[in-house]
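The values are calculated or read from the model by the stated rules, or taken from the named source; none is laboratory data. Model, not experiment: these values are computed from the prediction. Neighbour counts are summed over all protein chains in view; Cβ atoms, including those assigned to glycine, are modelled from backbone coordinates with ideal geometry. Heavy atoms of the whole protein, side chains included, go into the accessibility calculation; ligands, DNA and RNA do not. Shrake-Rupley method; radii C 1.70, N 1.55, O 1.52, S 1.80 Å.
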Amino acid sequence: MILIHDVSILLNAIFFGLSLFLAVLLWNQRTSYRLSNRMLSVLLVAMAITTFNTIVRLSYYMDAMDFYQHISNVALLVMGPSIYFFVKIRISDPNDWKWAIHFVPFFIYALLLTMHAIMSFQHAIEVINNLAFLTFVIQWVIYIILTFYLVNTYQNQTKQTYSNLEKRDLGWIKVILSLLLATLIMRLVLLAYSIVAEQILDVVGLNLTLIFAMITCYLGYKIFKNPALFVKLTSYSQSKLSTKDLQFYIEKIESVMTDQALFANPKLTITELADQADLHSRVVSQTLNQEANQNFFDYVNGYRVKDLIERLKSPNANNYTLQALMEESGFQSPSVAYSAFKKVTGTTPAKFRKTNL
């Protein structure tokens with residue numbers, strides 16, 4: 001048990017320092033996403049504070065630094081809003097400071113703790129601490145769900161703009177959000193059963209904070225290395241287009257797609273298609289949505305699938321690898337090619353190739 005304590009203290013100390021280091025780097029990073037990065041810095045600092053609390057509780061200084069538990073509780077109340085607005089500000093770039101309202105619970109609790117330090121209302125502080133932790137749990141669940149919604153909305157928007165999502169896939173951040181939520185649930189389960197095996201569960205429960213720190217440090221590192229990992233996209237408003245207009249526009253779009261084989265460009269964007277069709281990007285987006293009942297991503301991949309089918313049927317198809325044929329059709333990712341092909345044909349490119357030998 002002593003060894004577990006020592007290793008736990010060491011690991012928590014490492015990630016305490018790493019969290020602060022990444023927070024400083026992100027806070028001072030020269031980027032157009034400064035406010036978003038600073039929200040992530042706040043999350044990392046809060047994580048460092050709670051990680052240090054774990055070190056205190058696992059060491060022999062718990063009684064001497066008892067008040068630090070309150071500081072740690074204060075830090076918990078900025079985590080949920082910080083991760084949510086880190087994403088929201090990055091993809092929507094708000095020009096006001098209304099987001100500060102979401103930090104009201106943090107300020108209220110900090111004020112109550114300050115009053116407690118001055119006037120010492122000892123009987124009420126335990127109730128206040130419990131309410132603060134309950135607020136954190138509710139906050140964390142709500143903000144994680146809201147962040148999931150933001151990420152899903154963002155991914156849907158990218159499909160309206162790009163034909164290749166390989167570098168814009170945010171599956172990794174969904175994994176991070178799921179792990180953060182799962183870690184909290186595990187912590188709550190351990191709290192519920194703490195009476196059964198208090199000492200062991202306390203060590204395990206406290207080290208779940210270490211998992212939190214690891215996950216947030218990974219997020220901080222990834223964003224620092226790739227500041228433009230996901231950014232604001234242009235949102236196209238809908239205007240009134242007649243049936244005749246829509247028909248004219250879709251024919252124009254289909255013409256340039258076919259005649260110029262624009263789908264073969266793996267990095268094709270809606271702006272490039274609009275330029276070739278001599279239309280506004282908003283008109284192209286709306287026409288595809290209303291006339292073709294597809295977003296830009298699925299529309300372009302539909303052409304790529306048709307082209308790939310023809311290539312697979314070609315007599316000299318066996319002279320090329322399947323990946324080479326996919327790339328010739330405009331697919332940059334084999335997984336996307338397989339998914340799009342199966343969606344249209346009901347089978348995979350490999351099986352289709354075998355049946356057409």
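May I ask you to list pairs of residues, at least six apart or on different chains, whose Cβ atoms are under 8 Å apart, with the first in the range 335-357 being at negative phi and the second being exposed (fewer than 15 other Cβ atoms within 10 Å of the Cβ) and assigned to a loop (DSSP other than H, G, I, E, B)?
That search, which allows pairs on different chains as well, returns Phe341/Thr347; Thr355/Thr347.
Among what's in the range 321-338 and is in a loop (DSSP other than H, G, I, E, B) and small (Gly, Ala, Ser), pick the residue that is farthest from Ala261 (Cα to Cα).
Ser333
Can you pull out the residues in the range 28-55 that are within 18 Å of Phe230 (Cα to Cα) and not aliphatic (A, V, I, L, M)? Break it down into steps so the answer makes sense when it comes.
Applying the first criterion (within 18 Å of Phe230 (Cα to Cα)) to the range 28-55 yields 29-41.
Matches in the range 28-55: Gln29, Arg30, Thr31, Ser32, Tyr33, Arg34, Ser36, Asn37, Arg38, Ser41.
With respect to Ser194, determine if the residue is at pLDDT 85 or above, closer than 21 Å to Phe133 by Cα, touching a helix residue (DSSP H, G or I) at 6+ places or on another chain (Cβ under 9 Å) and of a type outside the set (A, V, I, L, M, F, W, C).
For Ser194, the condition - at pLDDT 85 or above, closer than 21 Å to Phe133 by Cα, touching a helix residue (DSSP H, G or I) at 6+ places or on another chain (Cβ under 9 Å) and of a type outside the set (A, V, I, L, M, F, W, C) - is not met.
Is it the case that the range 40-57 has a residue that's aliphatic (A, V, I, L, M), open to solvent by 10 Å² or more (accessible area, probe 1.4 Å), within 21 Å of the chain's Cα centre (by Cα) and modelled with pLDDT of 90 or more? Don't jump to the end; show me each part of the working.
Here is the first cut: in the range 40-57, the ones aliphatic (A, V, I, L, M) are 40, 42-49, 55-56.
Pick out the ones that are also open to solvent by 10 Å² or more (accessible area, probe 1.4 Å) and you get 42, 45, 49, 55.
Checking which are within 21 Å of the chain's Cα centre (by Cα) leaves us with 42, 45.
Add one more test, that the residue is modelled with pLDDT of 90 or more, and what stays is 42, 45.
Within the range 40-57, one or more residues are aliphatic (A, V, I, L, M), open to solvent by 10 Å² or more (accessible area, probe 1.4 Å), within 21 Å of the chain's Cα centre (by Cα) and modelled with pLDDT of 90 or more.
Inspect the range 135-148 for any residue being open to solvent by less than 50 Å² (accessible area, probe 1.4 Å), over 21 Å from Tyr218 (Cα atoms), assigned to a helix (DSSP H, G or I) and hydrophobic (A, V, I, L, M, F, W, C) and give the result as yes or no.
Checking the range 135-148: at least one residue is open to solvent by less than 50 Å² (accessible area, probe 1.4 Å), over 21 Å from Tyr218 (Cα atoms), assigned to a helix (DSSP H, G or I) and hydrophobic (A, V, I, L, M, F, W, C).
Check the range 221-244 and report whether any residue there is modelled with pLDDT under 90, over 30 Å from Val7 (Cβ atoms) and not in a loop (DSSP other than H, G, I, E, B).
The answer is yes, given that some residue of the range 221-244 is modelled with pLDDT under 90, over 30 Å from Val7 (Cβ atoms) and not in a loop (DSSP other than H, G, I, E, B).
Please name all residue pairs, on different chains or six or more residues apart, with Cβ atoms under 7 Å, provided the first residue is in the range 228-255 and is of a type in the set (Lys, Arg) and the second residue is modelled with pLDDT under 85 and open to solvent by 60 Å² or more (accessible area, probe 1.4 Å).
Qualifying pairs under 7 Å: Lys232/Asp93.
Looking for something touching a Ser or Thr at 6+ places or on another chain (Cβ under 7 Å) and surrounded by 15 or more Cβ atoms within 10 Å (Cβ to Cβ) - is there at least one such residue anywhere in the range 321-338? Write out each step before concluding.
Step one: filter the range 321-338 for residues touching a Ser or Thr at 6+ places or on another chain (Cβ under 7 Å), giving 338.
Those still in the list that are surrounded by 15 or more Cβ atoms within 10 Å (Cβ to Cβ) too: 338.
Yes, some residue in the range 321-338 is touching a Ser or Thr at 6+ places or on another chain (Cβ under 7 Å) and surrounded by 15 or more Cβ atoms within 10 Å (Cβ to Cβ).
Take the residues in the range 339-357 that are open to solvent by 20 Å² or more (accessible area, probe 1.4 Å), part of a helix (DSSP H, G or I) and of a type outside the set (D, E, K, R); name whichever of them is modelled with the lowest pLDDT.
Thr355
State whether the residues of the range 252-262 include one that is out of contact with any Gly (no Cβ under 7 Å at 6 or more places or on another chain), crowded, with 19+ Cβ neighbours inside 10 Å and within 17 Å of Asn164 (Cβ to Cβ).
So far as the range 252-262 goes, yes, one or more of its residues are out of contact with any Gly (no Cβ under 7 Å at 6 or more places or on another chain), crowded, with 19+ Cβ neighbours inside 10 Å and within 17 Å of Asn164 (Cβ to Cβ).
(1) assigned to a helix (DSSP H, G or I); (2) under 37 Å from the mean Cα position of the chain (by Cα): which one isn't true of Asn318, the others all being true?
(2)
Only one of these is at pLDDT below 85 and touching a helix residue (DSSP H, G or I) at 6+ places or on another chain (Cβ under 8 Å): Ile125, Ile200. Name it.
Details: Ile200 fails: touching a helix residue (DSSP H, G or I) at 6+ places or on another chain (Cβ under 8 Å).
Criteria check complete, one pass: Ile125.
Does Leu312 satisfy the condition of being open to solvent by 10 Å² or more (accessible area, probe 1.4 Å) and among the aliphatic types (A, V, I, L, M)?
no
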